[in-house]
Amino acid sequence: LGWLYGTVFLGVNGAWWREEHREHHAMLLAFDENGFKDPQMKEDIWVQNAKLIPFYGREMIHFLANFQHILFIPIIFLAGRIGIVLDSTLTERKFRPWTILGNIFHILLHYAVLSQTSTPIRVYMAAACQFAVLSLQLLGNHHIKPWNNIHSASEGNFCVWQILCTQDFDTPVWFRWFYGGLNFHYCHHLFPTISREYFPIATP
């Protein structure tokens, strides 16, 4: 199902997401002297915390960091979807033939849908903007929270660490389906294996 809904329908490698997401939960917003330990919160085009500046060697990133508060939302809406699709494909750790097959099916699916309209770019951008709203929520769950050295973070209480590095989003009951329950992000990190239908019950 992860291959079908993730790789084929969404264009995001399901196996890549599962592997990196496990590390994201285990080493949430953590780094060490060698760089990022949380692979899913590592960004190549903006700096989330001053502690991370030494890990960005390119002068262009340092320059763009001065304007990232302006560029953040436009980049998410214009290139966010393309970015995560490329990231999930190019940073794949294992060669999986079915992932390549899923990517091909995804491209064919896009062609089948967009070829039916006279304004394919407009239709794609409308869908990408809907995806961007979900991306803003997912990024917002952690982006404003502090990063910590993995050694100091792992010495404390794991549950407290997860809470300090996470944020929930208050949404209307009728709109929770859009976020798949991940607006209850405290619960998602503290109890990652429970069904999302119980997130509202487990959240204070």
Positions within segment 73-86 being surrounded by 14 or more Cβ atoms within 10 Å (Cβ to Cβ) and within 15 Å of the chain's Cα centre (by Cα), in sequence order: ILE75, ILE76, PHE77, ALA79, GLY80, ARG81, GLY83, ILE84, VAL85
Sole exception among (1) modelled with pLDDT under 85; (2) on the phi < 0 side of the Ramachandran plot for GLY11, by number: (2)
Candidate set: segment 9-58, residues that are in contact with a helix residue (DSSP H, G or I) (Cβ under 9 Å, 6 or more places away or on another chain) and aromatic (Phe, Trp, Tyr); chosen: the one nearest to HIS143 (Cα to Cα): TRP46
Residue that is surrounded by the most Cβ atoms within 10 Å (Cβ to Cβ) [pool: residues in segment 15-37 that are small (Gly, Ala, Ser) and part of a helix (DSSP H, G or I)]: ALA15
Per-region count, segment 179-199, residues open to solvent by 50 Å² or more (accessible area, probe 1.4 Å) and either modelled with pLDDT under 85 or in contact with a Cys (Cβ under 9 Å, 6 or more places away or on another chain) (or both): 4
Selection status of ARG81, in contact (Cβ under 8 Å) with a residue 24 or more places away in the chain and of a type outside the set (A, V, I, L, M): yes
Which listed residue, of GLN48, GLN68, GLN40, is open to solvent by 20 Å² or more (accessible area, probe 1.4 Å), of a type outside the set (Asp, Glu) and assigned to a loop (DSSP other than H, G, I, E, B): GLN48
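One line per residue, one yes/no per condition, for (1) in contact with a Lys or Arg (Cβ under 9 Å, 6 or more places away or on another chain); (2) polar (S, T, N, Q); (3) within 18 Å of PHE9 (Cβ to Cβ):
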| position | (1), (2), (3) |
| --- | --- |
| ILE100 | no, no, yes |
| ASN103 | no, yes, yes |
| HIS142 | no, no, no |
| HIS151 | no, no, no |
| LEU164 | yes, no, no |
| THR171 | no, yes, no |
| TRP174 | no, no, no |
Selection from segment 87-109 of residues that are under 22 Å from the mean Cα position of the chain (by Cα), of a type outside the set (Ser, Thr, Tyr) and open to solvent by less than 70 Å² (accessible area, probe 1.4 Å): ASP87, GLU92, ARG96, GLY102, ASN103, HIS106
Checklist (1) within 25 Å of GLU23 (Cβ to Cβ); (2) out of contact with any Leu (no Cβ under 8 Å at 6 or more places or on another chain) applied to ILE76, failing item: (2)
All positions within segment 51-65 that are loosely packed, with under 15 Cβ neighbours inside 10 Å, modelled with pLDDT under 80 and either of a type in the set (S, T, N, Q) or in a helix (DSSP H, G or I) (or both): GLU59, MET60, HIS62
Selection within segment 166-204 - assigned to a helix (DSSP H, G or I), in contact (Cβ under 8 Å) with a residue 40 or more places away in the chain and in contact with a helix residue (DSSP H, G or I) (Cβ under 8 Å, 6 or more places away or on another chain): PHE178, TYR179, HIS189
Test: ARG122 is charged (D, E, K, R) and either open to solvent by less than 50 Å² (accessible area, probe 1.4 Å) or part of a helix (DSSP H, G or I) (or both): yes
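The values are calculated or read from the model by the stated rules, or taken from the named source; none is laboratory data. Note that this is a predicted model, so its numbers are computed, not measured. In this analysis, Cβ positions are derived from the backbone assuming ideal geometry, glycine residues included, and neighbour counts consider all displayed protein chains. Areas reflect the complete protein model, heavy atoms only, side chains present, ligands, DNA and RNA absent. Shrake-Rupley method; radii C 1.70, N 1.55, O 1.52, S 1.80 Å.
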